[in-house]
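**Student:** I am attaching a structure below and will ask some questions about it afterwards.
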Amino acid sequence: MTEEAKKTQEEAKKKGLLGKLKETVDDKEEQLAILSTFVRLGILIWSGGILTLAYIKLPPALGIPEQKLDPTFIASVFTGVLATFGVQAGKKAGAAGGISKADLQKLIDAAASTAPSQTIRIEQSPLVLQPKTDAKTD
């Protein structure tokens, strides 16, 4: 029995992270989803670290020379990875969906003046549309 226990321990050491992932999750799609999450997290940590190093000055005692780099590409990678997790930067505080109520009203007014159409805004529900019946019948 001791030999069998040693073999199982050695096999567990050989498997590593991917082997353990295959054992715990049976579905291949779930395995790929978990793996892609780890890859995105790795890229997020990498790009966040590079962005941080671009904006801070390290102490000279570390002996690391100051790097002159344009962080535009790294910032786009960082925001792109954040967007895959559902995090997006808002342009205005208090604006729902990136557009304010005043901006929406301006758009409605501009559309009303340029197009021969009518905008109907209903603020109370439920609304029932029925044809009007005449009281007179021939």
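The values are calculated or read from the model by the stated rules, or taken from the named source; none is laboratory data. As the structure is a computational prediction, the values presented were derived from the model and not from experiment. No Cβ is skipped: glycine too gets one built from the backbone with ideal geometry, and neighbour counts run over all protein chains shown.
**Student:** Scan region 100-138 for residues that are β-branched (Val, Ile, Thr) and either touching a Phe, Trp or Tyr at 6+ places or on another chain (Cβ under 6 Å) or modelled with pLDDT under 75 (or both) and jot them down.
**Tutor:** Listed by number, the residues that qualify are Thr114, Thr119, Ile120, Ile122, Thr137.
**Student:** Within region 55-74, take every residue that is touching a Leu at 6+ places or on another chain (Cβ under 6 Å) and modelled with pLDDT of 80 or more and give me the one that is nearest to Val87 (Cα to Cα). Show your work before the answer.
**Tutor:** Pass one, region 55-74, residues touching a Leu at 6+ places or on another chain (Cβ under 6 Å): 64, 71, 74.
With the extra rule that they be modelled with pLDDT of 80 or more, the set shrinks to 71, 74.
Numbers: Pro71: 20, Ile74: 17 Å.
Restricting to residues being touching a Leu at 6+ places or on another chain (Cβ under 6 Å) and modelled with pLDDT of 80 or more, the top hit is Ile74.
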